[in-house]
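Everything on this sheet refers to the single structure shown next.
The values are calculated or read from the model by the stated rules, or taken from the named source; none is laboratory data. Please read all numbers here as calculations on a predicted model, not as lab measurements. Here the Cβ is made from the backbone with ideal geometry for all residues, glycine too, and neighbour counts use every protein chain on show. Protein only, heavy atoms only, side chains kept; ligands, DNA and RNA dropped before computing areas. Shrake-Rupley method; radii C 1.70, N 1.55, O 1.52, S 1.80 Å.
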Amino acid sequence: MLHQGRILTHQRDFQYHIQYAVPVEIYRGDLHIDIGVLTAVDEGFVELQGTLYNRSLFTFVSRAGY
């Protein structure tokens, strides 16, 4: 299991969050952008509630227990 506050970088981390509907918080630099449950992921993008986020531009943080 992943812990709250862990930054997601690996494909398996994103897949875990999708499979178990663990919330993810999204940042661009220090700016909070969004929070919610991921719906899809590939090598370049993450989809959260219908919005695509580029994996190289944003930081994805596990919010297990949110």
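Observations on the model:
- Residue tally, condition of a type in the set (A, V, I, L, M, F, W, C) and open to solvent by 40 Å² or more (accessible area, probe 1.4 Å), over the stretch 9-19: 1
- Search result, residues across the stretch 7-32 that are out of contact with any helix residue (DSSP H, G or I) (no Cβ under 7 Å at 6 or more places or on another chain) and within 10 Å of PHE60 (Cβ to Cβ): ILE7, THR9, ASP13, PHE14, HIS17, GLU25, ILE26, TYR27
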